[in-house]
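Novice: If you scroll down you'll find the structure; I have some questions about it.
The values are calculated or read from the model by the stated rules, or taken from the named source; none is laboratory data. What you see is a predicted model; the values in this text were computed from it and never measured. Note: ideal-geometry Cβ built from the backbone for every residue, glycine included; neighbour counts use all protein chains shown. For accessibility, only protein heavy atoms count, side chains too; no ligands or nucleic acids. Shrake-Rupley method; radii C 1.70, N 1.55, O 1.52, S 1.80 Å.
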Amino acid sequence: MTITDERETTTGAAGGTADRSSKARVWRVAVIALERYALVLLGVSLVVLFASLEGSRDAFVSTANIRTLLGNQSVVALIAIASIIPLVTGQIDLSAGPVAGLSGVVTAGLCSFYDFPLVPAVLVTLLVGAVIGLVNGYLVSYVGVGAIIVTLGSATLIQAGVSWFSEDRTIVSGIPDRLVALGSGSFLGVPTAVFYVIVVSLVAHYFLSQTPPGRHLYFVGANARASRLVGLRVEALTLASFVASAVIASMAGILQLALAGSASPQVGPNFTLPALAAAFLGATVIRPGTFNVPGTLVAVLFVAVVVNGLTLLGAPSWLQPAVNGLSLLVAVVIATVAGKRRAAG
């Protein structure tokens, strides 16, 4: 073989290697994009499907149905956002749903039983939520009790307190008209509740992704020991995450009261599973492997579209809890498998 042949062979081999490297890079980018937006694409596909099927077409695309779907998911979306803040630090809060239920009952009770004006009633409710978050966070952070035990216990106590305060009755009278108007109103055809969710979501997303305390929460969740070694106040950050979670959950409860115009003592715990399902499912999209606000909102809408579309097609009433439970299981399995794959390099 001549020198020229050897150079051509070397150049050809280098070119082949470059081509393979380029194809691998493109493939890797495509896989990452698919991983980030798979749930979005699946959700859009389901919207097209339900808007096309004869059994669901007319009702699914109706303005009333879209408004109802968005309005009904507003409370779940807020509680899901509340849930991801402790999850970011590696803790779980099972009391977010009951706190929301308690908040609706407290606001309604203060206005109805004790003639509180609306603003003081709302402030007292938010304070009650903050105190619950403070107790949960203190027991988890400084006493060292597991978050599941603490929040499960507080959820049970909260539900007992709700039953005592409301005497197990739905509060329907004395709800300020101004509050009900906020829940039932709309702007540009969109329920006003959606705008409240957008505002809270933007604030939470900015805080978690753009501010030093928000990024510190992620550091604590990734490695609490290393975070402590670099000087982060792990206990205080964890406690603060529970307080923030409880306050946002309280906002959700007040929004639920505004939407329903009444406060039921049984409604709170029903939000726990849908919110956690959305939080975990949301961690598989947009920023896979990370609890994030945009992914959580995508997950809330995805589950809502699935349940709404299948319900219009005549699915039974047990469908919604089944979808929420399946979403939670699938999300946890995906997160576990992805975590093992990343650990294996």
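Novice: Can you pull the three principal axis extents for the Cα set of segment 61-161, in Å, largest first?
Specialist: 50, 40, 21
Novice: Just order 260-270, 216-226 by mean Cβ neighbour count inside 10 Å, highest at the front, would you?
Specialist: 260-270, 216-226
Novice: With θ set to phi - 60°, apply the Karplus curve 6.51 cos²θ - 1.76 cosθ + 1.60 along segment 95-104 and write out the HN-Hα couplings as whole Hz, x wherever there is a Gly or Pro.
Specialist: Ordered by residue, 3J(HN,Hα) equals 9, 4, x, x, 4, 4, x, 4, 5, x Hz.
Novice: Over the Cα atoms of segment 96-211, what radius of gyration and what Dmax do you get, in Å?
Specialist: For segment 96-211, the Cα-based Rg and Dmax read 16.6, 49 Å.
Novice: Calculate the FRET efficiency for L127 and W318 from the Cβ-Cβ distance with a Förster distance of 30 Å, rounded to the nearest 0.05.
Specialist: FRET efficiency, L127 to W318: 0.20.
Novice: Okay, moving on. Looking at the square roots a ≥ b ≥ c of the eigenvalues of the Cα gyration tensor of segment 213-345, which shape do they give, rounded for a/c under 1.5, prolate if a/b is larger than b/c, or oblate?
Specialist: Since a/c reaches 1.5 but b/c is at least a/b, the shape of segment 213-345 is classed as oblate.
Novice: Using heavy-atom solvent-accessible surface (probe 1.4 Å) with all chains present, what is the largest-first order of E235, E167, E54? If you can, show how the numbers build up before the last one.
Specialist: Numbers: E235 55, E167 120, E54 155 Å².
Largest accessible area first, the list is E54, E167, E235.
Novice: I've got another one for you. Taking 8 Å as the Cα distance limit and 6 or more residues as the minimum spacing, I'd like the relative contact order of segment 76-182 as a percentage.
Specialist: Relative contact order, segment 76-182: 36 percent.
Novice: Dipole size in debye (nearest 20) for the chain around its Cα centre, Lys and Arg Cβ +1, Asp and Glu Cβ -1?
Specialist: Dipole size: approximately 800 debye.
Novice: Accessible area per residue, 1.4 Å probe, Å², for the chain: what's the number?
Specialist: Result: 51 Å² per residue.
Novice: What is the spin-label model distance, in nm, from L157 to F187 if the labels are put 7 Å beyond Cα along the C-beta direction?
Specialist: About 3.8 nm, to one decimal.
Novice: So, R0 is 22 Å and r is the distance between the beta-carbons of L46 and I66; what FRET efficiency does that work out to, to 0.05?
Specialist: About 0.95, to the nearest 0.05.
Novice: Under a point spin-label approximation (7 Å from Cα along Cα-to-Cβ), what is the I32-V333 distance to one decimal in nm?
Specialist: It is 2.7 nm.
Novice: Compute the acute angle (0 to 90°) between the alpha-carbon long axis of helix 63-88 and the principal axis of greatest extent of the alpha-carbon atoms of the chain; round to the nearest 10°.
Specialist: 80 degrees
Novice: Using mean Cβ contacts within 10 Å as the protection proxy, how do 171-181, 67-77 order, highest first?
Specialist: 67-77, 171-181
Novice: Another one. The list [x] 191; [y] 168; [z] 129 gives values of volume of the Cα convex hull per residue in Å³, and only one came from this structure; which label was calculated from it?
Specialist: Working out volume of the Cα convex hull per residue in Å³ from the coordinates points to [x].
Novice: Carbon and sulfur: what percent of the chain's accessible surface (1.4 Å probe)?
Specialist: Working: 12030 of 17630 Å².
For the chain, the apolar C and S fraction of the accessible surface comes to 68 percent.
Novice: A follow-up question, please. Compute the distance in nm between two label points, each set 7 Å from the Cα along the Cα-to-Cβ direction, one at R20 and one at D115.
Specialist: 8.4 nm
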